[in-house]
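Right, one structure below, let's go through it.
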Amino acid sequence: MKFFFSLLLLLTLTIPDSLAQSAINPEKRIKELGITLKAPGKPIANFVTAVTVGKLVFVSGHGPVQADGEYVKGKVGKELTVDQGKEAARLTGISLLGALKSHIGDLNKVKRIVKVLGMVNATPEFDKHPQVINGFSDLMVDIFGENGRHARSAVGMGSLPMGIPVEIEMIVELK
């Protein structure tokens, strides 16, 4: 038994990170899922969509942009259900990936999704913020595999810009 654990430890330490991560090609996965990424429009205020510091990319908060270019709008728990909020979070993930790709050029440069802040425009009694933000988190795992699993906060807000139901920001580590 001791030999087995020693061998397992040795294998774990000798498999390079790049080999473990090469199994997932996020660009290919996005195509398989039928997702089209678009470059972000100009920010609505005085900020940039992404900033790189060392190997970390900080992507500004984005909202759920539909195929027609319009934002999903509404308050979760009033105009929108949990499932509709979850779909808005998924659309927000697509928007964030478009901004990230525009910033770094190729999503295969992503080592992992590190940290996410998900904000849900919800009624005061609404308490299913994590389920809503799962729309984003599930998408990241679908695209990046285990490297898409991230630390996360999911919080409620009394309002969000333009009446959108979800705003999400993320921190990404590059290879």
Note to self: residue 61 - would you say it is in a loop (DSSP other than H, G, I, E, B) and closer than 28 Å to residue 131 by Cβ?
What the structure shows: no
Notebook entry, point to check: What number of residues within the range 39-67 satisfy the criterion of being touching a helix residue (DSSP H, G or I) at 6+ places or on another chain (Cβ under 6 Å) and modelled with pLDDT under 90?
Noted result: 2
Notebook entry, point to check: Among the residues of the range 68-89, is there at least one that is in a strand (DSSP E or B), of a type in the set (Gly, Ala, Ser), modelled with pLDDT of 95 or more and closer than 20 Å to residue 114 by Cα?
Noted result: no
Next item on the list: Being more than 28 Å from residue 147 (Cβ to Cβ), small (Gly, Ala, Ser) and exposed (fewer than 13 other Cβ atoms within 10 Å of the Cβ) is the filter here, so list the residues in the range 42-82 that pass it.
Entry: 45, 69
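The values are calculated or read from the model by the stated rules, or taken from the named source; none is laboratory data. Given the structure is predicted, the values throughout are model-derived calculations rather than measurements. Reconstructed Cβ throughout: ideal geometry from the backbone, glycine too, with neighbour counts over all protein chains shown.
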